[in-house]
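The values are calculated or read from the model by the stated rules, or taken from the named source; none is laboratory data. Since we're looking at a predicted model, the values are computed, not measured. Cβ coordinates were reconstructed from backbone atoms using ideal geometry, including for glycine residues, and neighbour counts include every protein chain displayed.
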Number of protein chains: 2
Amino acid sequence: MARRLVAERGIGALTMDELAQAARVGKGTLYRAFGSRAGLAEALVDEAERELQERILTGPPPLGYGPGPAERLGAFVDAYLAFLSDNDELVLETERPGEGARFHTGAYGFWHAHIAALLREEGTDDGGLRAHVVLATLAAELHAHLRSQGYEPDRIRSAIQTTMGLSQVTRSRRR
Amino acid sequence: MARRLVAERGIGALTMDELAQAARVGKGTLYRAFGSRAGLAEALVDEAERELQERILTGPPPLGYGPGPAERLGAFVDAYLAFLSDNDELVLETERPGEGARFHTGAYGFWHAHIAALLREEGTDDGGLRAHVVLATLAAELHAHLRSQGYEPDRIRSAIQTTMGLSQVTRSRRR
DNA sequence: TCCTTAAGCGGACTATAGTCCGGTTATGCC
DNA sequence: GGCATAACCGGACTATAGTCCGCTTAAGGA
């Protein structure tokens, strides 16, 4: 519907009332369509998420199938961080609410399944649980904070990967 | 003041109005004293936090000074997880809000400094940044979710420690 | 003791997410 | 084409965090 109208203006400081008004629609309709503010943000990042998921499922290595699981994991972290900094505000909105909303989105399920599979493939115990731990490291709020502290994306990527003991993917090793 | 009155009832489903009323005080007073809902929760976990900090600073090894940094890190993760499950609801409240409130509490600063120091002592590069990554792994929301999924504390601890490549502290190794 | 001034209090007020119900429009049957 | 029914819509309403200002009470001076 009017998602694009809305996406163009940025969600940050917009209230749901304003959004509804801008979309020429009642608030009830907005909520029927998206369920919540987080749901709306989710819908707005959806395209970028799918694009990344596509690259994982059918794209070229190292993100897609091909190299060993360690390389793919490194590539995923890399790609996810790029996705995060491109979609900053919306992902933040997506992950905000109280009752662990983050964990119940479809996207979270996808990332989790992907990481868990790679960890198992690597021979790790308890891949499902460890995938949650890896994802905690990729929380939008953390990265918003780190960016605000002036840390460079490359340095962040590298810190996460070494902390996790992931193989250092050296592509795009600037600095 | 009336913190105890309040602590006894649990914060979870209480509104600030109810809290003020229960404390026989106006809402303005409540906000002057604590600044926000998160601030109130912070004040309520304060004692438990200090107790843990005390054990780190002056208590016996492996949490306190003594063994190598790797052991101390493992012990910290262990102790922090225990603290988290004892103070579940309050810490969650503390970490909730929008503008990265979690990162601005005094307690976060302490944990961060402690971890960063241990990492540096271990000879790690970029200890400050990596300490943030480690702390992301200890977010209250994640652990609330994991508990709700039925993961056992020991298993969680072990997953975090192996993910981080921390030395496996074997004390309290049930299962 | 009374008056002046400062500090602190409390509850009415605002902002905003999310709900709900009465009305309106569309659909299908006669 | 007209009516019964269902689907959908919109905005008034509710819940709740956080703000603000007028009033009360305490402190200090004469």
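Key figures for this structure:
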quantity: B:ALA20 vs. criteria in contact with a Lys or Arg (Cβ under 7 Å, 6 or more places away or on another chain), hydrophobic (A, V, I, L, M, F, W, C) and within 16 Å of DNA strand C (Cβ to nearest atom); calculated: yes
quantity: Qualifying residues in the range B:104-142 (those that are free of Cβ contacts under 8 Å to residues at least 12 places away in the same chain and within 7 Å of chain A (Cβ to nearest Cβ)) - the one farthest from A:ALA101 (Cα to Cα); calculated: B:ASP126
quantity: Residues located in the range B:94-103, provided they are under 11 Å from the mean Cα position of the chain (by Cα) and at the interface with chain A (Cβ under 8 Å from one of its Cβ atoms); calculated: B:ARG102
quantity: Number of the condition not met by A:VAL91 [criteria: (1) buried (at least 16 other Cβ atoms within 10 Å of the Cβ); (2) of a type in the set (A, V, I, L, M); (3) away from chain B (no Cβ under 14 Å)]; calculated: (3)
quantity: Residue satisfying condition, being away from DNA strand C (no atom under 16 Å from the Cβ) and modelled with pLDDT under 90, within set B:GLY64, B:GLY12, B:GLY26; calculated: B:GLY12
quantity: Residue in the range B:49-61 that is hydrophobic (A, V, I, L, M, F, W, C) and closer than 30 Å to A:ALA101 by Cβ present; calculated: yes
quantity: Meets criteria (surrounded by 15 or more Cβ atoms within 10 Å (Cβ to Cβ) and closer than 20 Å to B:VAL45 by Cβ) for B:THR137; calculated: yes
quantity: Checklist (1) of a type outside the set (Phe, Trp, Tyr); (2) within 7 Å of chain B (Cβ to nearest Cβ); (3) surrounded by fewer than 22 Cβ atoms within 10 Å (Cβ to Cβ) applied to A:ALA159, failing item; calculated: (3)
quantity: Helices (runs of 4 or more DSSP H) contained entirely in the range B:6-86, each with at least 1 residues that are under 12 Å from the mean Cα position of the chain (by Cα) and either within 16 Å of DNA strand D (Cβ to nearest atom) or surrounded by 15 or more Cβ atoms within 10 Å (Cβ to Cβ) (or both); calculated: B:37-58
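Rundown of residues vs (1) touching a helix residue (DSSP H, G or I) at 6+ places or on another chain (Cβ under 7 Å); (2) more than 19 Å from A:SER148 (Cβ to Cβ), yes/no style:
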residue: B:ARG50; (1), (2): no, yes
residue: B:GLY64; (1), (2): yes, yes
residue: B:PRO69; (1), (2): yes, yes
residue: B:ARG96; (1), (2): yes, no
residue: B:HIS114; (1), (2): yes, yes
residue: B:LEU118; (1), (2): yes, yes
residue: B:ALA131; (1), (2): yes, no
